[in-house]
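S.K.: Dumping the structure here so I can ask a few things about it.
The values are calculated or read from the model by the stated rules, or taken from the named source; none is laboratory data. Here the structure is a predicted model, which means the values were calculated and not measured. Here Cβ is always computed from backbone atoms with ideal geometry, including for glycine, and neighbour counts include all displayed protein chains.
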Amino acid sequence: MAERSFVKEVEKLRLSAGEEFSGEGILAITKALLQCGVGYVGGYQGAPISHLMDVLADAQDILGELGVHFEASASEATATAMLAASVHYPIRGAATFKSTVGTNVASDALANLASGGVTGGALIIVGEDYGEGSSIMQERSHAFAMKSQVWLLDPRPNLPCIVKAVEDGFELSEASNTPVMLQVRIRCCHVHGSFTAKDNKRPAMTVADALENPRRDTARIVLPPASFIHEKEKVAKRWPAAVDFIRSRKINEFFGPDMARVGIVCQGGMYNSVMRALERIGLADIYGETEVPIYVLNAVYPLIDDEFLSFCEGKDAVLVVEEGQPNYIEQAFGNMLHKAGRDTRVVGKEYLPVAGEYTGQVMLDGLTAFLRETAPQMLPVQIRAPNKQDDGNEVSNLAAIVPGRPPGFCTGCPERPIFAATKLVEQELGQHHIASDIGCHLFSIMPPFELGATTMGYGLGPASASAFNSPDAKRRSMSFVGDGGFWHNGLTSSIGNAVFNKNDGVIVIVDNYYSAATGGQDILSSRASNKTKSTKHPITEAVKGMGVKWVRHLERTYDVGKMRDTLREALTTEESGPKVIVASSECMLNRQRREKPLVANAIKGGERVVKPKFGVDEDICTGDHACMRLSGCPSLSVKSLDDPLRDDPVAHIDQTCVGCGNCGEVADAAVLCPSFYRADVVHNPGKWDQFLEKMRRKLIGFMQRRRESRRLTFADA
Amino acid sequence: MTVLAPKTPKLAADGGIIKLAALAVGGQGGGVLTDWITDVAERNGYLAQSTSVAGVAQRTGATIYYVEMCRDTGRRPIFALSPAQGDVDILIAAELMEAGRAVMRGFVTPDRTTLIASSHRIAAVSEKIEPGDGRASSEKVRAAAEQASKRLVAFDMEKVAVDAGSVISSSLFGALAGSGALPFPRETYEETIRASGRGVKASLAAFAGAYERTRRLVEEGIQPDAAPAQSVKISSHGVTGPDRLIMGWQALRARVDAYPEAVRDMAGRGLQKVVDYQDLAYGAEYLDRVDQALKLDDVGREYALSIAAAKHVANAMCYDDMIRVADLKTRSTRDRRVRKEVGVKDGNILQVTEYFHPRIEEFCGTMPAALGSYIESRPKLAGWLDRRINHGRRVRTDSFAGFAALWFIGGLRRWRRKLLRHKVEAEHLERWYKQALDRVASDYALAVEIINCRRLIKGYSDTHVRAQSKFDRVLSGLPLLEGRPDAADWLRRLREAALKDEKGTMLDGALKTIATL
């Protein structure tokens, strides 16, 4: 079950023609798929498209009614391979994932799919995780479209436009027998807006129909000689068909006056930022009226030569607004102008940054610089005064004060004690080479843990340590992989590889019962019952099945001492071959979401419930913060005491503590201090509880009074 | 150069897009707040669009939400998807440093931005892990926020929310409404909260609290947080105990009252701490030590030496041993404090588990000095004992057996002076104190700084050992510094370096620097 429930949103998928759909961009895409008569959908979760997967997972009923098959694919490669269903059959299919990481994984299937081509519309929705808040390497999906020759749509970022892009995408795919990628940027996925809905369509041919009537066509299979024919087909048939479709259906848009000396070409996704910059300069209004002609590429690949060339007619210079690098579009346009012998100047990265997100300020600066040089007569005088920078002092001072706040482990996260234990074992045995993986556990590279040297891809943590396997070294490598990464790719690429190559390293599999970083989706080893998925497949069994001999399983990661001892054993044992530790405890975010209402109900219903919380005795804490250097928990923080005798702030645990136990365990395992206590509150205590409590309090109260009557007691002590 | 012709405006003027950005720490409920703002705008006949960057940014990191809204004229405006520098009307910061971050990023400008910030702090990991006080300066950020914004509404909105049993999104929403930065009436905000359907009562209470506080602030220009933090004045009231002890206490208090005004407060606190730790005689011993400093002190230097001595001698005398821990954990005041902190309601039962991990060192420290030293000097015996003692122990202090065990250890207090730990601590104290006082005549400021180095000693077990080593390393710089006019300043720098990181890497660097002086 995912982190967020979409039961409410799912109802929006039922809206019929004429009704207004209001919600997130990614949900609009989901609705658009159903309106297009999609026959099957697959994908792999990850920001920013997780919600698409989550909504569909919660919408099994609707999908069932329409005969749509939905799958939470094992990986992006699986999702893309699934589109093979559209090769021979006229069924529309969609796959979705995070890009470029997902596209990297998918590219094997993508290349094969693109070679043979498709009969039914095949749409790949890539959630572009680029710029602020991104968690991945900064690359472009554009390159994948170019190298496999699949078409890439990049619509203007509003709901009606992205819904239309889904419709166009399927038709374009069918018209050109080519898969189509639809790129949506992270903010567009999360944009809140509305569009007018259409009725959902039952697919003309369902996957069931296809299963009953199998077809095959050798010419569509990637094997010589067909594969050579495919390449020729791509340029001779499919490309011209795509260009025709894009031109005739006016996928790309023109705004502003026909005649002007300068113009702007932008990716569809950049349109709103361009307009805002022009509005701030005084050359456009908020409704999109502009004095500068704009050519909006809702299809960024392939480009339409004659559209562009006619846009350039009569213009001295054209600015290409193309986020990311390399600047493929700008290069292509330059080439077109050169071949056509035109003297319109195409510019782009001269005025806009070569790399990085095109934020509001960047766009404003870039467009201003472009217009100042190429069309100064268009600019209002008052805008031209350079910005005053007299607040520079304040701001530069702040940069030294305001602390960075990178993402980290949540309150009560079960992965925290694993890394606390790793830090402790390193204190004993010295520093080791540690390879990290993708997932929440990658936060170990940040303070306070600062563990981990590289991350090479999802499920590739242990694989990325595979070179460090030397009989000459006394130390072993350590590597981490999450349960998500393990099932995505890790089982074969990391574990299988380590067994086969007799790697002697230590592999820690962090099992938190979900694909947690992407929003808590179920995976094979999830402990929850899921009515449409098969769960509860233990990781330890899979690892043993792969041939690992040394396997340890910890069912409670919060046992820091045991975790440390197990790591020590793994690092020092005589046994050869990979040492695999599976460390399991439920993701606290999901656990709280699951348990909180249950606990509240149980308390209301009069059941006996014990609720734990941790605390710090502030007069025992000496304020050295050793505990925080082994934790970083948001609920464990510093607090100033109202006491001039004390210089340093002491530890304090706030109300958000979920009582996971890490504080106490760490204090014990690292022999820190006795300041921590666990306070268990027993709600609705039974008769025996009450009797015991009464007796205890009587006795304890007596002893306390006795001692306190013989000494001085200070009211404010 | 081209002459710029004035432009004739023919486009619709800025149709009045209101731009609002919210900066929060992941997990603070920024998404809920954004939904509410969008809803209240739509309720008032505005078109609104919100965006956010979810994903890993949600996991306790800094996050940003953005809303644009515009009166519905029948045409769809083009909204931007992210805030731009110098182009934000309202900036909501759910934590003070996030307000600082907003200023840094240029989202707060004096010509237009209303900055609504909760003044409470959520310390970042980097601030928490320093062995000293690594927290960023709130005052400086606040001052910058005030300067950078057109209007600043800042108070502890987290507290307003928690007091009402709600979360900060409600009080931020209330402050937004109260600020009047959006042209929407209060009722429509409340309708939005009601329509959201969860925890409505508490949300409305937090909303109202923040709303009214903001109104007062806007109307009267009062900064609710402006009052400086006042420390509780120490008094001789509130002391209870047998008459004989009370009389003894008053006699000691009288000695403090005879001290110069400047020293009185610190010495009074120190005295209370020491007496509370041990007994009246110990208090007298403490005052004797403070007297030593006073005798050498100088009114011209505002008694800096005596004040430092009053503070650090008290801390040194109240070293953290097992007896103290056990004593503090078995007091009735502690029981009450835990109940309050945890919020135990009537009818519920509290169970308290303590985490102990004694080692042979603590065990020997609690032995009579001779016996303790005997064991410590025999590594084999000590090792054998350590294997039996050195385990984590969970003690339930709500149970009789657990409580009684600690109560017994706490009761060893009366023999404390005869125990090994006391002997070690007393010798250390004397050495350090003498080292300081001996230098008063030659370098007063250096003497004060030597006393202040006591701040370095803290923690238990290994942490304590590390702290001791840092203390020794800092003072090892003394021979190099003595005689220099800036010796005190250097010693202070060494101490501050020692508080920067766990292992003392910065300190080692600083020591290398002074070696080259």
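S.K.: Restricted to segment B:457-479, and to residues that are farther than 16 Å from B:Gly365 by Cα and among the hydrophobic types (A, V, I, L, M, F, W, C), which residue is surrounded by the fewest Cβ atoms within 10 Å (Cβ to Cβ)?
M.R.: B:Leu478
S.K.: So the check is Cβ under 8 Å with 6+ separation or different chains; which pairs have a first residue in segment B:244-259 that's surrounded by 16 or more Cβ atoms within 10 Å (Cβ to Cβ) and a second one that's at pLDDT below 95 and not in a loop (DSSP other than H, G, I, E, B)?
M.R.: B:Trp249/B:Val239
S.K.: Check whether at least one residue in segment B:206-215 is of a type in the set (S, T, N, Q) and either at pLDDT below 95 or closer than 30 Å to B:Leu437 by Cβ (or both), and report yes or no.
M.R.: Going through segment B:206-215, the residues of a type in the set (S, T, N, Q) turn out to be B:214.
Checking the rest, the ones that are also either at pLDDT below 95 or closer than 30 Å to B:Leu437 by Cβ (or both) come to none.
Taking every residue of segment B:206-215 in turn, none turns out to be of a type in the set (S, T, N, Q) and either at pLDDT below 95 or closer than 30 Å to B:Leu437 by Cβ (or both).
S.K.: So, one more: Can you tell me how many residues in segment A:239-289 are in contact with a Cys (Cβ under 8 Å, 6 or more places away or on another chain), within 10 Å of chain B (Cβ to nearest Cβ) and not β-branched (Val, Ile, Thr)?
M.R.: Total satisfying the criteria: 1.
S.K.: Based on this model, can you work out whether A:Ile523 counts as buried (at least 16 other Cβ atoms within 10 Å of the Cβ), away from chain B (no Cβ under 14 Å), assigned to a loop (DSSP other than H, G, I, E, B) and on the phi < 0 side of the Ramachandran plot? It would help to see each step written out before you state the result.
M.R.: Details: buried (at least 16 other Cβ atoms within 10 Å of the Cβ): yes; away from chain B (no Cβ under 14 Å): yes; assigned to a loop (DSSP other than H, G, I, E, B): yes; on the phi < 0 side of the Ramachandran plot: yes.
Judged against the criteria, A:Ile523 is a match.
S.K.: Given the residues A:Glu595, A:Glu569, which is the only one that is more than 30 Å from A:Ser477 (Cβ to Cβ), acidic (Asp, Glu) and more than 9 Å from chain B (Cβ to nearest Cβ)? Spell out how you get there, then give the answer.
M.R.: On the way: A:Glu569 fails: more than 30 Å from A:Ser477 (Cβ to Cβ).
Only one candidate passes the filter, namely A:Glu595.
S.K.: In the set A:Pro612, A:Pro634, A:Pro649, which member is within 30 Å of B:Ile307 (Cα to Cα) and either within 39 Å of the chain's Cα centre (by Cα) or facing another protein chain (nearest Cβ under 7 Å) (or both)?
M.R.: Numbers: A:Pro612 fails: within 30 Å of B:Ile307 (Cα to Cα); A:Pro634 fails: within 30 Å of B:Ile307 (Cα to Cα).
From the options A:Pro612, A:Pro634, A:Pro649, the qualifying one is A:Pro649.
S.K.: Would you pick out the residues in segment A:232-252 that are within 12 Å of A:Asn177 (Cβ to Cβ) and of a type in the set (Asp, Glu)?
M.R.: Scanning segment A:232-252 gives a single hit, A:Glu233.
S.K.: What is the one condition in (1) facing chain B (nearest Cβ under 9 Å); (2) in contact (Cβ under 8 Å) with a residue 24 or more places away in the chain that A:Cys660 does not satisfy?
M.R.: (1)
S.K.: Now for a different question. Could you say whether any residue in segment A:176-198 is among the hydroxyl-bearing types (Ser, Thr, Tyr), more than 14 Å from chain B (Cβ to nearest Cβ) and in contact with a helix residue (DSSP H, G or I) (Cβ under 6 Å, 6 or more places away or on another chain)?
M.R.: Start the filter on segment A:176-198 by keeping residues that are among the hydroxyl-bearing types (Ser, Thr, Tyr), which leaves A:176, A:178, A:194, A:196.
Adding the requirement that they be more than 14 Å from chain B (Cβ to nearest Cβ) leaves A:176, A:178.
After this cut, where a residue has to be in contact with a helix residue (DSSP H, G or I) (Cβ under 6 Å, 6 or more places away or on another chain) as well, the list is A:176, A:178.
Among the residues of segment A:176-198, at least one is among the hydroxyl-bearing types (Ser, Thr, Tyr), more than 14 Å from chain B (Cβ to nearest Cβ) and in contact with a helix residue (DSSP H, G or I) (Cβ under 6 Å, 6 or more places away or on another chain), which makes the answer yes.
S.K.: In this structure, does A:Gly577 turn out to be on the phi > 0 side of the Ramachandran plot, assigned by TED's automatic domain parsing to the domain that holds A:Leu491 and either of a type in the set (Val, Ile, Thr) or surrounded by 16 or more Cβ atoms within 10 Å (Cβ to Cβ) (or both)?
M.R.: Yes.
S.K.: State the number of residues belonging to segment B:320-364 that are among the acidic types (Asp, Glu), over 20 Å from A:Val682 (Cβ atoms) and at the interface with another protein chain (Cβ under 8 Å from one of its Cβ atoms). Show your work before the answer.
M.R.: Going residue by residue through segment B:320-364, those that are among the acidic types (Asp, Glu) are B:320-321, B:327, B:335, B:341, B:346, B:354, B:361-362.
With the extra rule that they be over 20 Å from A:Val682 (Cβ atoms), the set shrinks to B:320-321, B:327, B:361-362.
Still in the list and also at the interface with another protein chain (Cβ under 8 Å from one of its Cβ atoms): B:320.
Total satisfying the criteria: 1.
S.K.: Does B:Tyr303 fit the bill of being at pLDDT 95 or above and on the phi < 0 side of the Ramachandran plot? Before the answer, list the steps.
M.R.: Values: at pLDDT 95 or above: yes; on the phi < 0 side of the Ramachandran plot: no.
When the stated conditions are applied, B:Tyr303 does not pass them.
S.K.: Mind listing just one residue for me: the one in segment A:351-363 that is closer than 19 Å to A:Arg187 by Cα and among the aliphatic types (A, V, I, L, M) and, of those, farthest from the other protein chains (Cβ to nearest Cβ)? Lay out the reasoning, then the answer.
M.R.: Taking segment A:351-363 as the starting set, the residues that turn out to be closer than 19 Å to A:Arg187 by Cα are A:355-363.
Those left that are additionally among the aliphatic types (A, V, I, L, M): A:355, A:362-363.
Details: A:Ala355: 18, A:Val362: 9, A:Met363: 8 Å.
Within segment A:351-363, the match that is farthest from the other protein chains (Cβ to nearest Cβ) is A:Ala355.
S.K.: Return only the number of the condition from (1) part of a helix (DSSP H, G or I); (2) at pLDDT below 95 that B:Gly100 does not satisfy.
M.R.: For B:Gly100, the exception is condition (2).
S.K.: Out of B:Thr51, B:Thr113, report the one residue that is in the same structural domain as B:Glu191 (by TED's automatic domain parsing), at pLDDT below 95 and not aromatic (Phe, Trp, Tyr). Before you say what the answer is, go through the steps one by one.
M.R.: Details: B:Thr113 fails: at pLDDT below 95.
Answer to the check: B:Thr51.
S.K.: So, in segment A:492-524, exactly how many residues are without any contact (Cβ under 8 Å) to a residue 60 or more places away in the chain and under 23 Å from A:His51 (Cβ atoms)?
M.R.: Qualifying residue count, segment A:492-524: 2.
S.K.: So which pairs qualify, if the first residue must be in segment B:398-416 and closer than 10 Å to A:Ile700 by Cα, the second must be part of a helix (DSSP H, G or I) and not aliphatic (A, V, I, L, M), the Cβ gap must be under 7 Å, and the two must be at least 6 apart or on different chains?
M.R.: Between residues of segment B:398-416 that are closer than 10 Å to A:Ile700 by Cα and residues that are part of a helix (DSSP H, G or I) and not aliphatic (A, V, I, L, M), the close pairs are B:Asp398/A:Arg696; B:Ser399/A:Arg696; B:Phe400/A:Arg696.
S.K.: Which of (1) assigned by TED's automatic domain parsing to the domain that holds A:Arg185; (2) of a type in the set (A, V, I, L, M); (3) touching an Asp or Glu at 6+ places or on another chain (Cβ under 8 Å) does A:Val7 not meet, given it meets every other one?
M.R.: In the conditions (1) assigned by TED's automatic domain parsing to the domain that holds A:Arg185; (2) of a type in the set (A, V, I, L, M); (3) touching an Asp or Glu at 6+ places or on another chain (Cβ under 8 Å), A:Val7 misses (1) alone.
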